[in-house]
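The values are calculated or read from the model by the stated rules, or taken from the named source; none is laboratory data. Small disclaimer: the values here were computed from a predicted structure and weren't measured. FYI the Cβ positions are ideal-geometry reconstructions off the backbone, even for glycines, and counts take in every protein chain you see. Just the protein is used for accessible areas: all its heavy atoms, side chains included, with ligands, DNA and RNA removed. Shrake-Rupley method; radii C 1.70, N 1.55, O 1.52, S 1.80 Å.
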Amino acid sequence: MRRRHIGWIAGAAAAVLVAAGAVTYAVAEDSGGAGTKTPGAESADAGFARDMAVHHQQAVEMSYIVRDRTKNAEVRRLAYDIAQTQANQRGMLLGWLDLWGLPKVSAKPPMTWMGMGDMPERGDGSLMPGMATNTELKKLQTLNGKQAEILYLQLMTDHHKGGIHMAEGCVAKCTVGVEKRLAQGMVDAQQSELQVMSQMLKERGAKPRS
């Protein structure tokens with residue numbers, strides 16, 4: 001059963017990569033057609049694109065760290081799939097900001113577009129819900145084998161939960177249809193990966209941190 005889950009994730013990652021060009025083109029059409037306004041710099045569309053690009057970048061970083069810290073094929077495969085999928089999605093999000101002529105950074109706090117700009121930060125590099133701290137990333141870089149696998153799966157579980165919350169916010173608030181559909185796809189894929197990671201933690205005698 002677990003192998004089928006991993007295979008599904010790999011297939012989904014490949015599908016996202018193949019569709020990237022079409023989706024980028026479609027979002028330009030979706031936001032530039034007759035009667036449709038290009039999103040503004042403070043819109044949910046722009047805010048989600050900026051914040052999720054940062055959120056995704058850390059997932060990519062964590063995934064490449066664990067690939068060097070373990071020889072377990074399943075963890076390495078999962079990490080590779082997450083890294084490839086989220087790196088590709090990050091490129092699409094930043095590409096849309098370019099298409100819209102909007103800045104990739106904002107002077108306002110992260111999550112402002114969700115009405116959460118005044119939320120307290122964990123600090124130490126953790127800017128948004130689910131993000132690991134710099135201290136946690138440094139710890140991951142010191143571990144090997146099963147210990148590295150467990151910490152990675154725990155950190156990525158937290159990361160996915162935060163990412164799902166953000167993506168659900170875009171589904172509710174974004175106005176560009178293709179971006180809303182991508183956000184819903186993130187929710188669906190990451191919920192599936194949460195199930196896989198929960199089982200992988202159980203097999204290692206561990207469980208999610210929260």
Flagged pairs (Cβ under 7 angstrom, 6 or more apart or on separate chains; first in segment 116-129, closer than 15 Å to ASP158 by Cα; second open to solvent by less than 70 Å² (accessible area, probe 1.4 Å) and charged (D, E, K, R)) are MET128/ASP51
Filtering segment 45-80 down to residues that are free of Cβ contacts under 8 Å to residues at least 24 places away in the same chain and either not in a helix (DSSP H, G or I) or not aromatic (Phe, Trp, Tyr) (or both) yields ARG67, ASP68, ALA73, ARG76
Being surrounded by 18 or more Cβ atoms within 10 Å (Cβ to Cβ), among the acidic types (Asp, Glu) and under 25 Å from TRP113 (Cβ atoms) narrows ASP188, ASP158 down to just ASP158
- Message: Taking the conditions exactly as written (farther than 22 Å from GLY185 by Cα and not hydroxyl-bearing (Ser, Thr, Tyr)), does ARG77 satisfy them or not?
- Response: no
Looking across segment 123-135 at residues that are surrounded by fewer than 19 Cβ atoms within 10 Å (Cβ to Cβ) and either modelled with pLDDT of 95 or more or aliphatic (A, V, I, L, M) (or both), the single one that is nearest to the chain's Cα centre (by Cα) is LEU127
Residue pairs qualifying under the 8 Å Cβ cut-off, at least six apart or on distinct chains, with the first in segment 161-187 being closer than 23 Å to PRO208 by Cα and the second being of a type outside the set (Gly, Ala, Ser) and open to solvent by 70 Å² or more (accessible area, probe 1.4 Å), are ILE164/GLN191; ALA167/GLN184; VAL187/GLU168
